[in-house]
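The structure under discussion appears below in the form of structure tokens.
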Ligand code: GTR
């Protein structure tokens, strides 16, 4: 696997002409022009297309899910209660576990708090600098910036990702926040990814069938298993659970939100290719590049479209349409050309007709709005922030403002 990004085209005038598949025409060529036809026919069809051609079929749903509270203590100077919950998925004799780090505002609330739920890249201990969150013992990606070179997380990495998770701000805004290390479900590596939840269902050395899941599907499945547990928690308002993710985990949040309508709102932060961005634009990261660099993320069928994006029976605006009519927020960063900010915006715009059909107007803006002028009014929110690929407090502030407005 090439570890370097290949040179890419960031010039808009080089986007080839393309036509997006019509989300509101069924595979038989009939219009899906009522909410009923959308729900009964076209939506399931599109879900199936993404399963077959992009992410793979999710693991079966026959795992039993258990939980054990490992620790419950005061956090963030008394503003939050922090709970660490081990969630165990069991199929027959096999089981696999993931540790959920949950912060809930400390003040009593009988209705339960709305919750942001998302996976993290390097372990729960990197999300907060407070002690008491164990360093993950799972395989982690090497990250030179964090001094991780041997796939082992360390005490020194505690809080290294805290900027991506402004817990204090989220809690003060009246939201609970839960995160799980994605590697608990599937290590992010082409050699090791099968050592997680995959093994519950399939053999470790089993070759994947063309439509079988890759890591994004396993991660998304894990988010739903976390939801199984969190929706029973009296501290959480199960009707207001927001699934969120950055980059590869933003692709995951979109896919989880598409399949599991218990998620009341969906947030994609800089998710790019295979996430929010239109594949047919072939600008920034392309289908071929992503399949080559990350052969474990998508199903094998997705490789059929390497360099052949026009042959795809779908495009990513249809993934966004699967969130409808729930509030959906897509965010880009100005310098994140690799994720194709304009492609993310156009994709969200392309999901508009489904929102309209279901009675919730989509984006009104014709073009990408000016920097840091978020569009928060419609059920589909969008902003492009200054700076690079990442998730910042600015981004979170918009997600909170959008949730305040659309999930009252
Ligand atoms: C990049 C990848 C993107 C995006 C990003 C990330 O290397 O090309 O698709 O997912 O990683 O997850 O940070």
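Each value in this text was obtained by applying a stated rule to the coordinates, not by laboratory testing. All figures in this text were calculated on a predicted structure; none of them were measured in a lab. Cβ atoms come from the backbone with ideal geometry, glycine included; neighbour counts cover every protein chain shown.
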Relative to the compact-globule estimate 2.2 N^0.38 Å (N residues), the Cα gyration radius of the stretch 193-257 stands at a ratio of 1.29
Rg (one decimal) and Dmax (whole number) from the Cα set of the stretch 126-238, in Å, equal 16.2, 47
Along principal axes, largest first, the alpha-carbon spread of the chain in whole Å comes out as 55, 47, 40
The base-10 log of I(q)/I(0) that the Debye equation returns for the stretch 1-118 at q = 0.14, 0.15 Å⁻¹, one scatterer per C-alpha, is -0.99, -0.99
Between the alpha carbon centres of the stretch 344-380 and the stretch 35-83 the gap in Å comes to 24 Å
Per the helix-only model, the chain has a calculated mean residue ellipticity at 222 nm (DSSP H runs of ≥4, -39500 (n - 2.57) each, divided over all residues, rounded to the nearest 500) of -6500 deg cm²/dmol
quick note, the chain, DSSP beta bridge pairs, % antiparallel (nearest 5) is 55 percent
Going from the fewest other Cβ atoms within 10 Å to the most, one would list 151, 383, 406 as 151, 406, 383
Here the averaged projected area of the stretch 273-388, based on the convex hull of its alpha-carbon atoms and given in nm², is 7.2 nm²
Per the rule of 0.36 nm per residue minus the C-alpha distance, extending residue 172 to residue 232 adds in nm 19.3 nm
Checking rank on 114-120, 19-25, 288-294, with mean other Cβ inside 10 Å and highest first, the result is 114-120, 288-294, 19-25
Taking N as the residue count of the stretch 175-290, its alpha carbon Rg divided by 2.2 N^0.38 Å gives 1.13
Sorted on mean Cβ neighbours within 10 Å (highest first), peptides 100-113, 307-320 come out as 307-320, 100-113
